[in-house]
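Colleague: Below you will find the structure I want to go over with you.
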Amino acid sequence: MSIKKRGTLTILAYLVSFFVLGPIANLTWDAPVSITSTMLFCALCILWTVGMMNRVIGRREKRYFVFLGLFMLLWLIERAVKFSPFLSSERVERMLWYGYYIPIILMPLLSLMLALCFGKTEKEKVHPKVRLLYLPAGLLIALFLSNDVHQLAFRFRPGSENWVDNYSYGALYYLAIAWIVGCVLAALMITVRFSTVNGTGKSGLLPLGVILLALAGVGVYVFTDYRHTRIMNVPELFCFCVASFWEACLQTGLIPSNTGYDLLFKNSHLCASIIDEGGKTVYQTSMQKDSASIKHTQRITGGSVTWFEDISVINKQKEMLEQANAKLSKKAELQQKENALKEERTLVREQEKIYNRINASLLVQTEHIRTLTLEVQTDPEKWKTNMLWVCVIGAFMKRKSTLMLLAANNERLPLAELGLAFGETAFYLESAGVTCSLCKMPDVFLPSGVVLYAYDELEKVIESKLPDLRSVRIRVIEKEKSVLFDIQMDATPLMFEFEKGARA
């Protein structure tokens, strides 16, 4: 037998016992109420309360069910003491009778509070204004307990000794009936509405059937004139209806309960099982273990739970990520090569620009060399002289190109570079028979444009005096804030001065 069927049969056996004990207690009325039946009713109430505590999940709901069970016990104990043969005080007997209305008034209110908990988590509190309902409930109880003073609930004839049967109902009694009916109807409306909205189907109407059964019981009680013909007395009937109503709510899922694990495992898409301490499988899903899965085991009260986590999706996603990473790596490598190619092309374009600028700046010297070589073709006697001057001009072009390449990457150049250029030019001038004198260059950095300007000016004068140039003297003098270039070519002076931070 499954655990679900065993639990259902236990609940049905409990409710049937509750219902059957009513007539048994009624048959022993002459006792007037047997202690045995009272103890059985109390035991059933305790079992029901403990069962609800074990099955209900929410702490708030557990608290309400504990109070319901306590009020059931209170009512049964009050009735047992009231009809006890050892009780001789009429006032105490009446107070116990009035005390019936403590559970009668509070149990419907607690049922309404329970209904308001439908669909709410522990963090979602019931509206604070609902708690104000405890005020009229407390007032009604206080008025019933003080009925001897005002007789608003039960009216006794003056001097009547048989107050147990010889009384009439007052306005307070009917107000209490209205209170009970109002709370029950409100709880029923909330239950039906919640079951309809949340799609529990026809099973959500099961609590309504319990209420109809309760009304039928009330009708049997009211329309039977003699006590011995009644199937069940008020306390048993009332407690039976309350217990049955909440059992119906629990069975239909309106109240979250610690049951239904067989359905959970039956409909689960996981491969899992719960094993007791003896190693016996209590619950097990129908799903089979997948090849790509990880086993998990967790200790729980009374055993352990084992489940297999399907990681095929994770493996597939991992494979997709690896493929994506491979594509990204290839794309990144391709992008890196493209960037390198772009940098190389940019460098080539920049070098082309520099070479174009060098060619543009040396057009005059190139044309001059061309002229000198053409003269050799027409006049072979000028070959030696012209070739010597071609070497001088070629040395200038070589050094000018070097200085321009350095200037492309440096904003300032040392005068030592200009000294090397002057020195090579002087070497070829001396080969051509020109006397040259070159001083040591100071250790100074000048703007690149200034260095190129100084070398250009020297070349212009030299080319202008070819082939009659006889002597060249170059001095560079460093001053505090400037540099003076003093150049003497035969009798022609060439002098210019630049500030150390100036731009040409």
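Colleague: Which length gain, in nm to one decimal place, applies between C436 and N54 when the Cα-Cα distance is subtracted from 0.36 nm times their residue separation?
Modeller: Details: separation 382, 0.36 × 382 = 137.52 nm, distance 11.68 nm.
Contour length minus the Cα-Cα distance gives 125.8 nm.
Colleague: Right, here's the next one. Pull up the cross-link candidates among the aspartates and glutamates for K342, meaning alpha carbon to alpha carbon under 17 Å and not fewer than 8 places away within one chain.
Modeller: Answer for K342, where 17 Å is the Cα cut-off: E333, E350, E352, listed by chain and number.
Colleague: Could I ask something else about it? Could the peptides 106-118, 270-282 be put in order, highest first, of the mean number of other beta-carbon atoms found within 10 Å of their residues?
Modeller: Values: 106-118: 21.3, 270-282: 13.4.
Packing proxy ranking, top to bottom: 106-118, 270-282.
Colleague: Search the structure for amide H atoms under 5 Å from the amide H of C436, placed 1.01 Å from N in the peptide plane, and list their residues when 5 or more places away or on another chain.
Modeller: Under 5 Å from the amide H of C436: V472.
Colleague: Between Y283 and residues 5 or more places away or on another chain, which pairs have amide H atoms under 5 Å apart, with H built 1.01 Å from N, and which residues are they?
Modeller: I274
Colleague: Now for a separate question. Tell me, what HN-Hα J-couplings in whole Hz come from the Karplus equation 6.51 cos²θ - 1.76 cosθ + 1.60 at θ = phi - 60° for each residue of region 300-306, using x for Gly and Pro?
Modeller: 10, 5, x, x, 8, 10, 10
Colleague: Taking R0 as 56 Å, what's the FRET efficiency between E424 and I294 from their Cβ-Cβ distance, rounded to 0.05? The partial results should precede the final answer.
Modeller: Working: r = 80 Å, r/R0 = 1.42.
Calculated transfer efficiency: 0.10.
Colleague: Within the set K295/K327; K295/K318; K440/K479; K400/K440; K62/K295; K384/K465, which residue pairs have Cα atoms separated by over 25 Å?
Modeller: Numbers: K295/K327 33 Å; K295/K318 19 Å; K440/K479 15 Å; K400/K440 20 Å; K62/K295 35 Å; K384/K465 18 Å.
Among K295/K327; K295/K318; K440/K479; K400/K440; K62/K295; K384/K465, the Cα-Cα distance tops 25 Å for K295/K327; K62/K295.
Colleague: Another question, then. Once you place label points 7 Å from the Cα toward the Cβ at Q323 and L47, how far apart are they in nm?
Modeller: According to this spin-label approximation, the distance is 6.3 nm.
Colleague: Return the aspartates and glutamates within reach of K82: Cα separation strictly under 19 angstrom, same-chain partners fewer than 8 residues apart disregarded; answer none if there are no such residues.
Modeller: Reachable aspartates and glutamates: D30, E90, E93, D148, E161, D165, E236.
Colleague: Just subtract the alpha-carbon distance of R475 and V130 from 0.36 nm times their residue separation and send over the number in nm, one decimal. Don't skip to the answer; put the middle values down first.
Modeller: Details: separation 345, 0.36 × 345 = 124.20 nm, distance 10.83 nm.
The R475-V130 span can extend by a further 113.4 nm.
Colleague: With a Förster radius of 45 Å, plug the Cβ-Cβ distance of I314 and M189 into 1/(1 + (r/R0)^6) and report the FRET value to the nearest 0.05.
Modeller: Rounded to the nearest 0.05, the efficiency is 0.40.
Colleague: Shifting gears a bit: Order 51-61, 311-321 from most to least packed using the mean count of other Cβ atoms within 10 Å. Please list the in-between numbers first.
Modeller: Details: 51-61: 16.6, 311-321: 10.9.
In decreasing order of mean packing, 51-61, 311-321 become 51-61, 311-321.
Colleague: Separate question: Can you give the FRET efficiency for T371 and L341, using 1/(1 + (r/R0)^6), R0 = 56 Å, r = Cβ-Cβ distance, to the nearest 0.05?
Modeller: Working: r = 43 Å, r/R0 = 0.77.
It comes to 0.85.
Colleague: Which distance in nm do the two modelled labels at Y169 and K120 give, with both placed 7 Å along the Cα-to-Cβ direction?
Modeller: Using points 7 Å along Cα→Cβ, the separation is 3.2 nm.
Colleague: Then there is this: What's the ranking of 475-483, 326-334, 416-424 by average number of surrounding C-beta atoms within 10 Å, highest first? It would help to have the intermediate numbers written out before the result.
Modeller: Values: 475-483: 13.4, 326-334: 10.2, 416-424: 18.7.
Descending packing order for the listed peptides: 416-424, 475-483, 326-334.
Colleague: Karplus couplings for region 428-437 from phi (6.51 cos²θ - 1.76 cosθ + 1.60, θ = phi - 60°), rounded to Hz, Gly and Pro as x?
Modeller: Each residue of region 428-437 in turn: 6, 5, 5, 5, 8, x, 9, 7, 10, 9 Hz.
Colleague: For Y355, project a label point 7 Å along Cα to C-beta. Then give me every residue of region 401-426 with its amide nitrogen under 15 Å of that point.
Modeller: Answer for region 401-426: 401-402, 405.
Here, each number is a calculation from the coordinates, and none is a lab measurement. Predicted model only: the values in this text are computed from it and were never measured. Cβ sites come from the backbone with ideal geometry, for glycine too, and all protein chains shown count toward neighbours.
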